[in-house]
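Below is one structure, written out as C-alpha cells; comments come after it.
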Amino acid sequence: MWNALIDHESTGQILTAWFERCPLDQGKGSLKNSHHPRSEGTSSRFRIFGSESARWIQEQGGTVGSFDPGRSEADRGSGRAVLVTGAAGLIGVSVVRCLLRDGFRVVAVDDGSAGTLGRLVEFNGNPQVAVRISDIRHRVALAGLVAAERPWAVVHLAARHFIPDCERFPGETLEVNVMGTQHLLDACAEHPPHRIVFASTADVYAANVLPHSEDDAVSPVGAYGVSKLLGERLLRDQAYRLDGCTITIGRLFNVYGPGDPHPHLLPEVLRQLRNGSVLRLGDLESARDFVYVEDAAEALIALLHIGEAGVFNVGTGTAVSGRELVQTVAAVIGREVEIERDHGRLRRRVRPNLCAAPDRLRELVPWWPHVSFGGGIRYTVEAEFDEVVTGGEYAGRVS
C-alpha cells in the first residue's frame with residue numbers, strides 16, 4: 001500500500017484516466033480513497049495498491065509517498081536509525097530505499113566483497129544515509145559500529161548466498177553466514193535494538209513437491225541452507241540476551257530483479273541474450289517461487305514495522321520452471337530463443353520444486369505481492385537493457 005498526493009486541480013483528470021486504464025476488477029492494482037480523498041493543503045491523499053499503480057501515478061504528476069502496510073502514523077520512522085547489513089546487495093538497496101521513504105535514518109553496512117558498492121552511489125549526499133564499509137566477520141569493528149550508532153532496528157541481509165560459491169567455499173560461507181551473525185548478535189547484546197529482521201532462506205526446508213508452510217520440517221542440504229538455519233537458531237537461542245527486542249525471520253524464496261551481481265538463471269539468460277539467441281543453460285525443469293526484489297524488500301520492512309516475532313515465508317505461492325522463465329523473457333523481448341544443455345551448469349543437488357505457502361505473511365501484509373512474475377521480468381529486462389519493452393503475448397520461440 002502506498003500514499004499518493006495529487007493536486008486538487010489534477011485529481012479528477014488523473015482518476016478518470018486511471019480508471020479507464022485499469023478497472024478495479026482487473027487485478028492490476030487499485031486506487032481508492034476510503035470513500036473520500038483526505039485534503040492536505042492543496043492536495044488530496046489517496047491509497048494505492050500495487051507498484052505498477054504507484055509508478056503510473058508518478059508519471060501523471062502525482063507524488064507517491066511512504067509505503068504503508070497498515071501501521072499507525074506514530075510507528076513511522078521519525079528519524080530512528082536502522083542498521084542494514086549487506087546494504088549494497090540485490091535486496092539491500094531496495095531495503096534502504098523503503099526505509100528512507102518511511103522516514104528512517106539508515107546505516108548502510110557492506111564489505112564490498114560482491115563488487116556492488118557502486119549501487120550505494122545513489123545515496124551520496126543524502127544526510128539520512130551513513131555508508132559504512134565493514135565486514136561482519138570482524139567482531140570488534142562491528143561491535144564498535146553498533147555501539148556508535150545505537151540503531152532502533154537491524155535488518156540483517158549480509159550473507160554468502162550464491163549456492164555454487166557456497167558449495168565451493170563452505171568454510172567461508174560458515175564464517176560469514178554463521179559467525180558473522182553471531183558477531184552481530186554479540187554487538188546487539190551490548191546495545192539491544194527494538195527489532196531485528198533476519199533474512200533467511202527457503203533452502204532450510206526439507207525437499208517437498210508441495211508448497212512449504214513455516215511449520216514444515218527443516219532439513220537443509222548444502223552449506224548455504226545449513227548456515228542459514230544455524231543463523232535462525234542462534235537468534236532464537238540467544239533472544240534472552242536482547243532485552244525487549246522482537247526478532248522476525250523472513251525465509252526468502254528466489255528473489256530476482258535488476259542489478260543481481262550473481263549468475264543466477266535470469267541474469268545469466270539476459271547476459272547471454274546480449275550476445276545472441278542461443279542460450280547454454282543447465283537445469284530448466286525444476287520450479288522456483290520467484291519474488292521480485294522490490295516486493296521482497298517491502299515485505300521485510302512491513303514486518304519490521306509490524307513487529308511480529310516469528311518466521312514468515314517471503315514467497316508468492318506460485319512456482320515457475322526455468323523453462324517458463326526463459327519463455328517469459330522471450331515473450332517480453334519478442335525474440336526467438338534456442339536452448340542448448342550445458343552440463344557444466346548442472347548442480348550436484350537439485351530440488352524439483354521450491355514454493356511458498358505465504359498465508360502467514362498475507363495475514364499481516366494483505367497486499368502481498370504487488371508485482372506479478374511477468375511484470376517483474378519486464379521491469380528487469382527494461383532495467384538491464386535500458387529500454388522500454390511492450391511485452392504481450394508470447395512472441396518468441398523456445399526450442
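Each reported figure results from applying straightforward, stated rules to the coordinates on display, with no laboratory input. Note that the structure is predicted; figures quoted are calculated from it, not measured. A quick note on method: Cβ atoms are made from the backbone with ideal geometry, for glycine too, and the neighbour counts reach across all protein chains shown.
Give me the distance in nm between label points sitting 7 Å out from Cα along the Cα-to-Cβ direction at residue 283 and residue 138, one decimal.
Rounded to a tenth, the inter-label distance reads 3.8 nm.
Quick one: check the C-alpha center-to-center distance for segment 284-315 versus segment 143-174, whole angstrom.
18
Pull out the extension gain between residue 128 and residue 308, defined as 0.36 nm times the separation in residues minus the alpha carbon to alpha carbon distance; nm, one decimal.
62.2 nm
Whole angstrom only: what separates the Cα centroid of segment 324-368 from the Cα centroid of segment 175-204?
Segment 324-368 and segment 175-204 have Cα centres spaced 29 Å from each other.
Please compute the contact order of segment 163-290 in relative form: average sequence separation of alpha-carbon pairs under 8 Å and at least six residues apart, divided by the residue count, as a percent.
Relative contact order, segment 163-290: 29 percent.
Test of understanding: extend the Cα→C-beta vector of residue 345 to 7 Å, then name every residue of segment 285-317 with backbone N under 14 Å from that spot.
Under 14 Å, as judged by backbone N against the label point of residue 345, lie 285-286 of segment 285-317.
Give, in nm to one decimal, the length gained when the segment between residue 186 and residue 172 is fully stretched (0.36 nm per residue of separation minus the Cα-Cα distance).
The residue 186-residue 172 span can extend by a further 3.1 nm.
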